[in-house]
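S.K.: The structure under discussion is supplied below as structure tokens; questions concerning it will follow.
The values are calculated or read from the model by the stated rules, or taken from the named source; none is laboratory data. Values in this document were obtained by computation on a predicted structure and should not be read as measured data. Cβ placement follows ideal geometry from the backbone for every residue including glycine, while neighbour counts extend to all protein chains displayed.
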Amino acid sequence: MTLEKAYKRKKQYYLELFTPKPLRPYALKKWFWKCTGRKLDLETPKTWCDKLNWIKLYGVTDEMRRLSDKYLVRDWIKEKIGEEYLIPLIGAYDRFSDIDFEYFPDSFVLKTNHSSNTNIIVRDKRSFDKNAAEKQLREWMGYDFAFRFGFQMQYQWMKRKIIAEEFMDNNGHVLYDYKFHCFNGVPVSCEFIGGRGEETRLAFFDMDWKPLHYRTDAYPPYEILPEKPENYKKMTEIARILCQGFPFVRVDLYHLDDGSVKFGEMTFTPGSGQSTWLPEGTDEMLGAMIPVP
């Protein structure tokens, strides 16, 4: 990240952090305009983006806060589908100085529980730069992620922790992402992302693995569509169990080459609700499936 981008992110964080609650709708509309060049309607929300941003300000529940916590959600997953679907936990720590890396495996992942995209992947402990990791994690732990990128209030008031998990891969390659978009307790589509760190591509499928005509502009589309995994039915069943009771949630799962499935996270506001959907009209079509008061 360039110094200019880092400065802009910190500036945005403090702008959101010190915005009085009554003024947050106006600040959110301004932020959305800067991100997308489009107007945000919080009074009569109709699109996917409108409704996710409405939920961020007015619809966050205690259950959503609990399940957005990457540490607390583990107990919920055990209750709902079983511990075998969790990536093995090495430990959870209040401070970096509490971690004893002597007992860690050669490969592992460090991440924070209270935010998104705050991961440090260590493939070889012998080359691990502890000082750099400590500096990075100290910065991440210092932020209230609720005010980091467009008022994602489900992250507010979390007790912050550093989580260490076992490193998972597919014979040296990254895991395959299966992100189930669920509307009002019903899985509707699966966003497949592959080639992370190499040449990332995405595709959307329905629940029978038939390709859908829409997508976001986050990554280029696949030219040759990936085949349906053998355990796809099992993943759809898991998504259906986990999505109950929420107007919208994205259930993120990983598929391993040995056929096993691992839980990733429950994502209530993907991209903080500022995605660009293609083609035109998709934003409205998806928004119609999200119930808000």
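S.K.: Which of the residues that make up segment 171-184 are farther than 16 Å from Tyr232 by Cα and either under 14 Å from the mean Cα position of the chain (by Cα) or at pLDDT below 80 (or both)? So that I can check it myself, show each step before the final result.
M.R.: So in segment 171-184, the residues farther than 16 Å from Tyr232 by Cα come out as 171-174, 183-184.
Those that are farther than 16 Å from Tyr232 by Cα and either under 14 Å from the mean Cα position of the chain (by Cα) or at pLDDT below 80 (or both): Asn171, Gly172, His173, Val174.
S.K.: Also, I was wondering about something else. Residues that are over 29 Å from Thr269 (Cβ atoms) and free of Cβ contacts under 8 Å to residues at least 12 places away in the same chain: does segment 83-92 have at least one? Quick ask: steps written out before the conclusion?
M.R.: In the first step, residues of segment 83-92 are kept if they are over 29 Å from Thr269 (Cβ atoms); the result is none.
No, segment 83-92 contains no residue that is over 29 Å from Thr269 (Cβ atoms) and free of Cβ contacts under 8 Å to residues at least 12 places away in the same chain.
S.K.: Moving on. Please tell me if Val60 is surrounded by fewer than 18 Cβ atoms within 10 Å (Cβ to Cβ), modelled with pLDDT of 95 or more and closer than 26 Å to Cys182 by Cβ.
M.R.: On the way: surrounded by fewer than 18 Cβ atoms within 10 Å (Cβ to Cβ): no; modelled with pLDDT of 95 or more: yes; closer than 26 Å to Cys182 by Cβ: yes.
Spelling it out, it is not the case that Val60 is surrounded by fewer than 18 Cβ atoms within 10 Å (Cβ to Cβ), modelled with pLDDT of 95 or more and closer than 26 Å to Cys182 by Cβ.
S.K.: Among the candidates Lys70, Lys46, single out the residue that is outside any helix (DSSP H, G or I), in contact with a strand residue (DSSP E or B) (Cβ under 8 Å, 6 or more places away or on another chain) and either in contact (Cβ under 8 Å) with a residue 60 or more places away in the chain or acidic (Asp, Glu) (or both).
M.R.: Values: Lys46 fails: in contact with a strand residue (DSSP E or B) (Cβ under 8 Å, 6 or more places away or on another chain).
Selected residue: Lys70, the only one of Lys70, Lys46 that is outside any helix (DSSP H, G or I), in contact with a strand residue (DSSP E or B) (Cβ under 8 Å, 6 or more places away or on another chain) and either in contact (Cβ under 8 Å) with a residue 60 or more places away in the chain or acidic (Asp, Glu) (or both).
S.K.: Still on this structure, please answer the following. Would you check if Ile77 is among the β-branched types (Val, Ile, Thr) and in a strand (DSSP E or B)? Steps first, please.
M.R.: On the way: among the β-branched types (Val, Ile, Thr): yes; in a strand (DSSP E or B): no.
No, not satisfied.
S.K.: Turning to a different aspect of this structure: Which of the residues that make up segment 255-273 are part of a loop (DSSP other than H, G, I, E, B) and buried (at least 20 other Cβ atoms within 10 Å of the Cβ)? If you could, list the steps in order and put the result at the bottom.
M.R.: Taking segment 255-273 first, the residues part of a loop (DSSP other than H, G, I, E, B) are 256-260, 268-269.
Matches in segment 255-273: Phe268, Thr269.
S.K.: Can you report the number of residues in segment 125-143 which are surrounded by fewer than 18 Cβ atoms within 10 Å (Cβ to Cβ), modelled with pLDDT of 95 or more and under 20 Å from the mean Cα position of the chain (by Cα)?
M.R.: Qualifying residue count for the region: 1.
S.K.: I've got another one for you. If a residue must be under 14 Å from Val174 (Cβ atoms) and of a type in the set (Val, Ile, Thr), how many such residues does segment 194-226 contain?
M.R.: 1
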